[in-house]
């Protein structure tokens, strides 16, 4: 078998001795550094020291060991690139086939009580991260292992393929390596951020016993805080929910939305902003107290006078008209913000054991792609109401059901395990505030798995339904809609929001 070279520089020695012996048995030469070299030599594993490769000793108390062209050229050279190979030969360098690195224990160090800053600093790995990054970049020529848990898997792939490790496996190793150094750097970044006591600290999180910070990315490019005390953790979540919703109405007629605990409790479009606000408030005259209101147009004084009649924790508008700020700033605890319309493409959230990444739900309905599946077709005003309702249901916690008439929310139900329960909540809300459900359209964020949910909306007074479709019982639901003389539109897009 062709001679191969592995560079090993590990903090954690668990499993290393057996792995190194297995590599020697497979005709690997092992290059190693400092403590790793000493450990292997003491256990009778033949080792080539990094110093013999670089002709340069470790310096600065071990801070510089592997940072040398003789090491990194051997890692970064592409084996299928003749020019690279010629340069390696010209300078009498050694190609490296495998890099094995475990990093200094930064996270474990900072978790210790009363740890000294100088001790933390020394646990910021430089050479190890550089080795991993170089090997992962050149994964088509070099394997990279960052955990003892990968040793056996690598050996199995090596043996199965007669020493020619598949590119797909090397790519998988590279992805894991980049993920590791990303998390490692994030821990360092967060530690330094806390050291300088940055202005991202919040009074507390969702509840007073939870500590919290806010790490800004482009927040200041989108929002400007004009008045009021600092935003809290929950405020920021509501601001995000409000901004995401109002982006749906960037180019629409004057639209107002009221948000409470991340959910819309009233949304409406009108001929003027005051009309839209009063219609949105009419949808639920209780929940807006202490909530957030956002507008898609400049907030004028007439509308602001109506807003000022109740305590609204946050007001957001693209701009403010004459006299508006003078009026609204009289309440010192009210936050006033301006914003720019901006659609994020990606979003992330942490879960136990990792981070979820996904594209934002930025789907825009196209009228010509809406599919009417019932015998009765919607009228133009009903199509407009269904489009409006579908924008709202996207931003309501699942399971979500939204009743709309004349571009005004009549009843909103969400956040329930059962779609029928969400429907009942929406209906009860409408009745609580004396709003007429007769002739409404209803939007559902996901398909109706059974006809019972659809029948519940019909009995409440809805005449049109817009939903994704896609249930195995769609035929049953369509038949029920026809029997109740409803019109129903399928969009093909589900809008779960958890």
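Derivation of every value follows stated rules applied to the coordinates shown; laboratory data play no part. All values reported here derive from a predicted model rather than from experimental measurement. A quick note on method: Cβ atoms are made from the backbone with ideal geometry, for glycine too, and the neighbour counts reach across all protein chains shown.
The distance linking the stretch 358-412 with the stretch 122-161 is 50 Å (Cα centroid to Cα centroid, whole angstrom).
Start at zero, step by 10 Å, and the Cα-Cα distances of the stretch 363-490 spread as 15, 52, 31, 2 percent across the bins.
Taking R0 as 30 Å, what's the FRET efficiency between residue 18 and residue 346 from their Cβ-Cβ distance, rounded to 0.05? E(calc), rounded to 0.05, equals 0.10.
Compared with the dominant Cα axis of the chain, that is its longest principal axis, helix 273-282 is turned about 90°. Computed on the Cα trace of the stretch 1-107, the radius of gyration divided by the Kirkwood hydrodynamic radius gives Rg/Rh = 0.97.
Mean sequence separation of contacting Cα pairs (under 8 Å, at least six apart), scaled by the length of the chain, corresponds to a relative contact order of 8 percent. Principal axis analysis of the Cα atoms in the chain yields extents of 86, 57, 42 Å, listed in decreasing size. Spacing of the modelled spin labels on residue 482 and residue 251, each 7 Å from Cα toward Cβ, amounts to 3.7 nm. With each label modelled as a point 7 angstrom along the Cα→C-beta vector, the residue 220-residue 60 pair spans 3.1 nm. Angle check, please: helix 451-460 long axis (alpha carbons) against the longest principal axis of the chain (alpha carbons), in degrees 0 to 90, nearest 10. Tilt relative to the chain: about 40 degrees.
Taking 0.36 nm per residue of separation and subtracting the current Cα-Cα distance, fully stretching the chain between residue 282 and residue 137 would add 46.4 nm. Across the stretch 363-490, the mean sequence separation of Cα contacts (distance under 8 Å, 6 or more residues apart), normalised by length, yields a relative contact order of 28 percent. You can think of it this way: the chain between residue 362 and residue 43 has 108.9 nm of extra reach, that is 0.36 nm per residue less the Cα-Cα gap.
Summed over qualifying helices (DSSP H, 4 residues or more, each -39500 (n - 2.57)) and divided by its residue number, the chain shows a 222 nm mean residue ellipticity of -11000 deg cm²/dmol. What is the angle, in °, between the Cα long axis of helix 127-137 and the longest principal axis of the Cα atoms in the chain? Nearest 10 is fine, range 0 to 90. Between the helix axis and the principal axis of the chain, the angle is about 70 degrees. Computed from label points 7 Å out along Cα-Cβ, the spacing between residue 204 and residue 112 is 3.3 nm.
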